[in-house]
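Undergrad: Questions regarding the structure given below will be posed in turn.
The values are calculated or read from the model by the stated rules, or taken from the named source; none is laboratory data. Predicted, not measured: the structure shown is a model, and the values here were computed from it. All Cβ positions, glycine included, derive from the backbone under ideal geometry; neighbour counts span all protein chains shown. The accessibility values were calculated without ligands, DNA or RNA, using every heavy atom of the protein model including side chains. Shrake-Rupley method; radii C 1.70, N 1.55, O 1.52, S 1.80 Å.
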Amino acid sequence: MAREKTRIRNEIRALRFHHGEMTQQELADRIGVSRQTVVAIEQAKYSPTLELAFRIAQVFERPLQEVFWMEEE
């Protein structure tokens with residue numbers, strides 16, 4: 001029986017927009033990663049570590065589950 005693939009989805013782009021149109025670079029600087037990492041996370045091409053996910057949620061002052069969720073493909 002094949003296991004369904006899951007992907008971590010997020011609201012980072014919308015949250016950046018609602019936080020004064022924060023740039024990807026500004027978010028990257030605040031969480032200690034490169035802009036390319038933020039791009040990959042936003043596009044669901046890279047799943048952040050739990051620690052990084054919490055840091056991102058903290059920046060936006062939102063609970064983790066409002067920023068990230070799992071979606072089955």
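Undergrad: Tell me the carbon and sulfur percent of the accessible area for the chain, rounded to whole percent, probe radius 1.4 Å.
TA: Reported share for carbon and sulfur atoms: 48 percent.
Undergrad: What is the sum of charges around R16, taking Lys and Arg as +1, Asp and Glu as -1, for the other residues whose C-beta is under 15 Å from the C-beta of R16?
TA: -2
Undergrad: Hey, another quick one. May I ask for the Kirkwood hydrodynamic radius of the chain, worked out over all distinct Cα pairs and given in angstroms to one decimal?
TA: Mean inverse Cα-Cα distance, inverted, gives 12.5 Å.
Undergrad: For region 42-57, take each phi angle, set θ = phi - 60°, evaluate the Karplus expression 6.51 cos²θ - 1.76 cosθ + 1.60, and give the result in whole Hz per residue in order, putting x for glycine and proline.
TA: Once rounded to whole Hz, the list reads 4, 8, 6, 9, 9, 8, x, 5, 4, 4, 5, 4, 5, 4, 5, 4.
Undergrad: If contacts are Cα pairs under 8 angstrom and at least 6 residues apart, what is the relative contact order of the chain in percent?
TA: For the chain, the relative contact order is 48 percent.
Undergrad: Can I ask one more? Per residue, how much accessible area does the chain show when a 1.4 Å probe rolls over the protein heavy atoms, in square angstrom?
TA: Result: 72 Å² of accessible area for each residue.
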